[in-house]
1. Lysines near residue 286 by alpha-carbon distance under 28 Å, same-chain residues fewer than 8 away left out - which ones?
2. Based only on the alpha carbon positions, what is the Kirkwood hydrodynamic radius of the stretch 126-267, in angstrom?
3. Provide 52, 642 ordered by accessible surface of protein heavy atoms (probe 1.4 Å), highest first.
4. Short version: what are the Cα gyration tensor semi-axes of the chain, square root of 5 times each eigenvalue, largest first, in whole Å?
5. In nm, what is the difference between 0.36 nm times the number of residues separating residue 613 and residue 583 and their Cα-Cα distance?
6. At 7 Å along the Cα-to-beta-carbon direction for both residue 104 and residue 51, put a label point, then send me their distance in nm to one decimal.
7. From the backbone phi of the stretch 594-606, what are the Karplus-calculated ³J(HN,Hα) couplings (6.51 cos²θ - 1.76 cosθ + 1.60, θ = phi - 60°) in whole Hz, Gly and Pro given as x?
8. Helix-derived [θ] at 222 nm for the chain: sum -39500 (n - 2.57) over DSSP H runs of at least 4, divide by residue count, nearest 500?
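The values are calculated or read from the model by the stated rules, or taken from the named source; none is laboratory data. What you are looking at is a predicted structure, and each value in this text was computed from that prediction instead of being measured. Virtual Cβ from ideal backbone geometry, glycine too; neighbours counted across all protein chains shown. Heads up: the accessible areas ignore ligands, DNA and RNA and are worked out on the full protein's heavy atoms, side chains in. Shrake-Rupley method; radii C 1.70, N 1.55, O 1.52, S 1.80 Å.
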Amino acid sequence: MSNLGFENTDTILMEERIFPPSKELVEQANLTAYMRSKGFEDYEAFYQWSLSHRLEFWEDMARELHWFQPWQTTFQWQDKPFFQWFVGGKFNIVYNCLDRHMQTPTRHKVAFYWEGDGGESRTLTYEDLYVLTNRLAKALQNLGVKKGDRVAIYMPAIPEQVAALLAVARLGAVHTVIFGGFAANALSERIIDAQAKVLITADGNYRAGKLIELKKIADEAMSQSPTIETAVVVRRLGQEVPMQAGRDHYLDELLATIPEDTVVPCEPMESEDLLYILYTSGSTGKPKGVVHVQAGYAVGVYTTTKFVFDIKPDDIYWCTADIGWVTGHSYIVYGPLANGATGVLFESTPTYPEPDRYWSVVEKYKVSILYTSPTAIRGLMRFGEQWPAKHDLSSLRLLGTVGEPINPEAWMWYRHNIGHDSLPVMDTWWQTETGMILISPTIRQPLKPGSATRPLPTIEADIVDSNGKPVPVGKGGFLIVRHPWPAQMRTIYGDPARYRSYWETIPDVYFAGDAATRDDLGYIRVQGRVDDVIKVSGHRLGSMEIESSLVSHPAVAEAAAIGKPDPVKGEHVKVFVILKQGNEASEAMIAELKKHVRATVGALAVPEELEFVPSLPKTRSGKIMRRVIRAKELGQPVGDVSTLES
Ligand code: ATP
Ligand code: MG
């Protein structure tokens, strides 16, 4: 951790705008109902109660789910930093996402509206998804998949992908989903690390109209992955692909022999049995296989979907993430299905065929809750307000973001253009490792642009120095969490030492690797990764604050700031800027942008160097890889780039 040891990150980005919650929303909020059941009207009093009644809170939440056998011990933390939740319980997350809805009217409710790359649609009810999942589980069982086996999933965003996760988990096997945009090497590296014996894939797909030969890539990966015994291929395109006899099977052919009414009972799992391994997006280096377990994870994502998105029976909820990332696992698949919600599953990209694709999907399915990323919002801002203006977005009632710090400018644009100037915007902070949202507004809190606001109930997040001592208001430090929560990762697959480092970097607390500051309201602003902090003349600047300033200039679409060694200042700032369409990369523009940073952030942050670029290196999940920019700039080796978008 190159910057570990810094004490003061200066908050130079001031944000004074506050948006109080609507009384009506507060009155109807799921969280309000729970608070009242505990005798609270005041959120602050409730939050304080939750810190001292952590286990009671999570027991209440867990009781809303179905258990084959109740747990005996809610939480155990003997072999620190390893811990367990709901010990002694027998549970299956898939029973909670599907089976229990078969006895209620949810059975006939839409589970997913699927929007294909080219605009085609499919509608699946909970019953349809249940039937597909059971038959797929049977097919996998026939191929020898059993409890504990690892199954890799490398697919486009189609209903069969959701069913694949659910079928694997139903059998008690462990899925590892690999984003369908990865190349063969990255895929096989993950298959081998997880020791997956089955790969579920598709013949191919279109992404933004471009053919992706998924099976061909999968074949190359499998030829380098000795653990793979079997491949299941979904016909997404219906085109002929080479099939290796004995190894490869078309899903439709497997299903042809399995009756519609086949039921494969959910495997009763121990609470702490593995649910999945997921490799992180890789902005900091070699991807880590983050391990999540059945019960605690289910309780965590069920609860946060219910309270953060305030999901209601008639909502149409759309999370634009890919299922290949944790956001898709927690908030496309497991959280929404456990809540019996109706979701949108989207196979395409924000700008295909035109930069209004998102808004046309919102209009088409009457989406009421939209959860997307700052990258997508910034990318779309670039094309102008006329694109959302073409669509009826009146169905929306709540917005969310995740994945990166959101600059206040983008937050305001989102609220203004998409949120009719009135909708709450939930800036949710969490990680692959945390499994669920930890810091985010709930419907009850006043909002501040660019701030994830406060930790959720029971979550004790803090900002500390390298000794674990809380830093004063306005000063920067390390974002930490003091106590395990149910959906937290249990280990890094095959690398427990790497897991330990999360709890040992700063003794006895979970160290997230992010830098943050807190304001006088107690609101947390996440500044980005500790490694992306820039140190100028003894002051520590979050790269996000400089980028945020640049992006607030009308000519700038995107920006990345890095620190470069400087004999006088320690480091100086270099920025890379993508201009919006129709602006000229001139000396005058450089001067103007520097002036703008000086005016909005301060003299310290003024970039010494400013370069206009057509694009920035990003992870396949859309995050700027400052580590790669830095390495290239300094002529150093760039390290692992398997997650770099090509
Ligand atoms: P790797 O750990 O492999 O480098 P990654 O950290 O990008 O990849 P994720 O787990 O998907 O992989 O992302 C979590 C990180 O994303 C957080 O640690 C934080 O840096 C950033 N992040 C997520 N949500 C927010 C948010 N709302 N505000 C600020 N930063 C966020
Ligand atoms: Mg990370």
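1. Straight-line reach from residue 286, under 28 Å: 80, 197, 215, 216, 535, 564, 574, 618, 623, 632.
2. Numbers: mean 1/r = 0.0672 Å⁻¹.
Computed over the stretch 126-267, the radius equals 14.9 Å.
3. Details: 52 85, 642 25 Å².
If we order 52, 642 from most to least accessible, we get 52, 642.
4. Values: eigenvalues 274, 165, 127 Å².
In descending order, the three semi-axes are 37, 29, 25 Å.
5. On the way: separation 30, 0.36 × 30 = 10.80 nm, distance 1.26 nm.
The residue 613-residue 583 span can extend by a further 9.5 nm.
6. Using points 7 Å along Cα→Cβ, the separation is 3.3 nm.
7. The phi angles translate into 4, 4, 5, 5, 4, 6, 9, 10, x, 4, 4, 8, 4 Hz.
8. Values: 20 runs with 180 residues, N = 646.
My calculation for the chain gives -8000 deg cm²/dmol from helical runs alone.
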